[in-house]
Amino acid sequence: RCWQEAKKAYQQDPSKFSGEPKPPTKDKTICAIYFKKDTIRYKNGYLLLSLKRGIEPIKIRWNIKLGKPIHVIVSWKKARGWFGSFVMERSVQQEQLDKQKMLAIDLGCKRTAATFDGQQVVLYSGKSIKSLMRLREKLKAKTQRNVSNLVKHSRRYKKIKTAHREVMYRIDNKIKDVLHKQSRTIVNYCKQHNIGKIVFGDCSGIHNHTNLGDNNQQVQQNPEQQLRKYIEDKFEVIGGTTEKVPEYY
């Protein structure tokens, strides 16, 4: 919209511009609109997200019993279209955890996590994640074959690509669901056993210059660092501490 207004002004008086305005080249998939607390209002069952003066605010139906968000992010993805993310403030009870007790976690592919608290070992299977990743790659190859002989951006091409994005979105959600459930199980284990510190073996370097032959793709796409981030977020909220240590020796 700003570009269109600038183009009209350029056509009326080009001397005000150093050159002809061009449309934005930034990909819509990485654009996001951020609304802070001061620009968020509630009225008659709707959240009103203020824009610039003279433009109607964005209206989102909202149940005020959930509370008023402190941040709202409106973004766009090909698989979902426009959607909103809401940041809420919640009070969480801090647990009285023993900082001297530690849980060691070894992240991997076949076993997404192997935990040890000094007495008991617990293994978390990565079979479901590997299966979903394998299905995702097969569908990618199938889609690529289907569109290889089509005219780019034709009706058939767009239809296949749209269906592909929807399936990829569902598969990615299933992977995130497994990671969230495993991270919550690990944090609950620490609460039950009064463990105040989690130590991760730092294996983030396996994604750099991987040279494992047939296992390259499996290792490169393995989401073990995402699982570590989920565990850190959930554990630090309840008062625990986390640390990364080198895995050498």
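The values are calculated or read from the model by the stated rules, or taken from the named source; none is laboratory data. Just so we're clear, the structure is a prediction, and the values are computed from it rather than from any experiment. When we count neighbours, we look across all protein chains shown, and the Cβ atoms used for this are built from the backbone with ideal geometry, even at glycine. Note: areas computed on protein heavy atoms with side chains; ligands, DNA, RNA excluded. Shrake-Rupley method; radii C 1.70, N 1.55, O 1.52, S 1.80 Å.
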Heads up, the stretch 82-141 by the C-alpha gyration tensor (a ≥ b ≥ c square roots of eigenvalues; a/c under 1.5 rounded, else a/b over b/c prolate, else oblate) looks oblate
Under a 1.4 angstrom probe, counting protein chains only, how are 88, 168, 102 ranked by accessible area, largest first? 102, 88, 168
Taking a probe of 1.4 Å and leaving out DNA, RNA and ligands, the stretch 51-168 shows per residue an accessible area in Å² of 74
Carbon and sulfur %, accessible surface of the stretch 109-249 computed with the full protein complex present, 1.4 Å: 50
Looking at the chain as a GNM with Cα springs under 10 Å, which of 20, 137, 95 has the largest mean-square fluctuation? 20
When the C-alpha atoms of the stretch 128-249 are aligned to their principal axes, what extent does each axis show, in angstrom, from largest down? 59, 31, 21
Net lengthening on full extension, residue 210/residue 193 (0.36 nm per residue, minus Cα-Cα): 2.4 nm
Could you report the accessible area of residue 245 in Å², rounded to 10, computed with a 1.4 Å probe on the protein chains as they sit in the structure? 50
Between residue 73 and residue 135, the FRET efficiency computed from the C-beta separation at R0 = 35 Å comes out, to the nearest 0.05, as 0.70
Any GluC sites (Glu not before Pro) in the stretch 213-249 that lie in a DSSP loop and have at most 15 other Cβ atoms within 10 Å would be 247
Greater than 27 Å separation of Cα atoms is the criterion. Which listed pairs, 110/161; 52/161; 191/229; 77/127; 77/176; 16/77, meet it? 110/161; 52/161; 77/127; 16/77
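Taking only protein heavy atoms into account and a 1.4 Å probe, give the accessible area per residue of the stretch 183-249 in Å².
On the way: 3780 Å² over 67 residues.
Result: 56 Å² per residue.
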Tell me, in nm to one decimal, what length is gained between residue 87 and residue 144 on full extension, where the rule is 0.36 nm per residue of separation less the Cα-Cα distance? 16.8 nm
For Cα Rg over 2.2 N^0.38 Å, calculated from these coordinates, the label among (i) 1.36; (ii) 1.03; (iii) 1.11: (i)
Would you list 145, 61, 53 from the most to the least accessible area, probe 1.4 Å? 53, 61, 145
